[in-house]
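Down below is the structure, laid out as structure tokens.
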Amino acid sequence: MSLEQIKHKPDEIACLYEITKAIYTSLDLRKALYKVLDLMSEHLGMNRGSIALLNRDTSEIHIEVAHGISLSERTKGRYKLGEGITGRVIKTGRPMAVPKIDDEPLFLDRMGARSRIDKSTISFICVPIKEGREVVGALSVDRVFEGSSPLDEDVRLLTVISTLIAQKVAMLEKINRERDRLEEENLRLRKELNKKYSFTNIIGNSRKMQEVFYLITQVAKSNANVLLLGESGTGKELVANAIHYNSLRSTKPLVKVNCAALPENLIEAELFGYEKGAFTGANREKAGKFEMAHGGTIFLDEIGSLALESQGKLLRVLQERELERLGGTQVIKVNIRLIAATNKDLAKSVEEGNFREDLFYRLNVYPIYLPPLREREADVLLLADYFLEKYAEEYNKGIKRISTPAIEALTQYHWPGNVRELENCMERAILLCDDQVIHGYHLPPTLQTAHETGTQQTQTLDEAVERFERELLVDALKSSRGNMRKAAMALKTTERVFGYKVKKYRIEPKRYR
């Protein structure tokens, strides 16, 4: 039975409906195309059929899927653009209908699928698959030759089907391009994260920081739990990032939880998740942070603030590697690495009964102590220069350096807020600075009157003026490389007055040449 004979039958409409459903219910292109050919065979009496796609990079045509043709025969079905009927259809974008294939020299039968069949009994129809005006492939079918019966209706029906296929190909190509773009972006971001959180990018040349670097390199590639100890602002979260992104789990999630920032009645829901109806307001199930970190690392900051009851549940997760959501009974297995941090003395908290002893020993597998900034005097200027460069670029300011008096103020201060306070201090100074140099008056009052912190005495007005004046002279000499005449011109004063001030403050211009 020909396609012409069934064109007015409901079977044709049913076939188109089934083909449309098959195409749009699967994201697997090959699976959808196979289904299309099967449906055409089932409903339209097709003997053999194939869908060929054009490789736009190589201009080679290959059989993507076929029905009634063996795999070995299919692999031979490769054509150049314009070669054979399939190549001609894809090149011209126009369909071809051949009543008897043995009368058509363009019919190559390169696959050999019809070598044992009387070619005078086979008609062949091939229509282009177009994405807009661009031809991306061809749909071809065999059917039994039926004398003078025209093939126009066959071409019409196959063109409708090829249009549906083209829409599918276009949609999947768009999805694949977007997926490839996202994969590339994901890879780029991971490389940036690995670079950003490399332990070598943690600033510090002091002996104590070198010890920290050594400990990080030794533990990063293992799965050992790590306990980060130190005052607030010493960079515990930065170290946690460095450990994770240089570990074997770097491609998996790093989930962070600040235990001190969550109310006691919500911390367990956040850590372990909950089922729908577990408590008032739980209108849906939610995975906890441990489930989200499966395969990766969970960072529990301020773990010393965790309530005793929550400590017991945390201990079970660390020992058994399993948990139950609030309101649930199902045991959920988790594979995580724990990095905990605290600014408290956990050993003392154990003695006072505020922290479980068994949990403390479970956490304290590999402790790393981060020294406060006051014990890292050699790193203060290094960190200040780093933050200067960072925020000068961020705020688009051409600030080049820090003045000598400002450096003295930075190094003499005891930094109770540690690195975080220094960073905030430098950001503020850069926002205030309209020059190329950070001066002492750009620094916060706590640094300008550092005597009040116990390192110096309170400045008088005359002392503050003299300090400011000396700072201007030194900066001018630095800019002029010790040339007093140029320095005086920069400050819009005479060389005689400038020389008098230099002598008064015992400044040596030769030092700046």
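The values are calculated or read from the model by the stated rules, or taken from the named source; none is laboratory data. Here the structure is a predicted model, which is why all the values come from computation and not from measurement. Note that each Cβ is placed from the backbone with ideal geometry, even for glycine, and that neighbours are counted across all protein chains shown.
Among the residues of the range 447-466, those that are at pLDDT below 80 and crowded, with 17+ Cβ neighbours inside 10 Å comprise GLN448, ALA450.
Checking the condition at positive phi and crowded, with 17+ Cβ neighbours inside 10 Å, which residue from GLY353, GLY277, GLY273 passes?
Working: GLY353 fails: crowded, with 17+ Cβ neighbours inside 10 Å; GLY277 fails: crowded, with 17+ Cβ neighbours inside 10 Å.
Within the list GLY353, GLY277, GLY273, the selection yields GLY273.
Being surrounded by fewer than 16 Cβ atoms within 10 Å (Cβ to Cβ) and closer than 22 Å to ALA170 by Cβ is the filter; apply it to the range 27-57 and report the residue that is modelled with the highest pLDDT. Ranking the candidates gives ASN55 first.
For the range 324-350, which positions are of a type in the set (S, T, N, Q), closer than 25 Å to ASN241 by Cα and either surrounded by fewer than 16 Cβ atoms within 10 Å (Cβ to Cβ) or over 31 Å from the mean Cα position of the chain (by Cα) (or both)? Step through it out loud before you land on a result.
Applying the first criterion (of a type in the set (S, T, N, Q)) to the range 324-350 yields 329-330, 335, 342-343, 349.
After this cut, where a residue has to be closer than 25 Å to ASN241 by Cα as well, the list is 335, 342-343.
Within the range 324-350, ASN335 is the sole residue that qualifies.
If only residues of the range 283-323 that are out of contact with any helix residue (DSSP H, G or I) (no Cβ under 8 Å at 6 or more places or on another chain) and of a type in the set (A, V, I, L, M, F, W, C) are counted, the one that is surrounded by the most Cβ atoms within 10 Å (Cβ to Cβ) is ALA293. For the range 430-441, residues that are modelled with pLDDT of 90 or more and in a helix (DSSP H, G or I) total 3.
Yes/no per residue for (1) modelled with pLDDT of 90 or more; (2) more than 28 Å from ASN186 (Cβ to Cβ); (3) assigned to a loop (DSSP other than H, G, I, E, B):
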{"residue": "ILE243", "(1), (2), (3)": "yes, no, no"}
{"residue": "LYS252", "(1), (2), (3)": "yes, no, yes"}
{"residue": "LYS256", "(1), (2), (3)": "yes, no, no"}
{"residue": "ASN265", "(1), (2), (3)": "no, yes, no"}
{"residue": "PHE279", "(1), (2), (3)": "no, yes, yes"}
{"residue": "ALA282", "(1), (2), (3)": "no, yes, yes"}
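Looking at ALA278, ALA242, which one is out of contact with any Lys or Arg (no Cβ under 6 Å at 6 or more places or on another chain), farther than 21 Å from LEU323 by Cβ and touching a residue at least 12 places away in the same chain (Cβ under 8 Å)?
Values: ALA278 fails: farther than 21 Å from LEU323 by Cβ.
Within the list ALA278, ALA242, the selection yields ALA242.
In the condition set (1) surrounded by fewer than 17 Cβ atoms within 10 Å (Cβ to Cβ); (2) in contact with a Lys or Arg (Cβ under 9 Å, 6 or more places away or on another chain), HIS67 is compliant with all but (1).
Which members of the range 210-223 meet the condition of being out of contact with any strand residue (DSSP E or B) (no Cβ under 8 Å at 6 or more places or on another chain) and of a type in the set (A, V, I, L, M)?
ALA220, the sole residue that qualifies.
VAL350 fulfils the conditions (1) closer than 17 Å to GLY288 by Cβ; (2) without any contact (Cβ under 8 Å) to a residue 24 or more places away in the chain; (3) among the aliphatic types (A, V, I, L, M) except for a single criterion, (1). Determine whether the range 477-496 contains at least one residue that is basic (Lys, Arg), at pLDDT 85 or above and not in a helix (DSSP H, G or I). Among the residues of the range 477-496, at least one is basic (Lys, Arg), at pLDDT 85 or above and not in a helix (DSSP H, G or I), which makes the answer yes.
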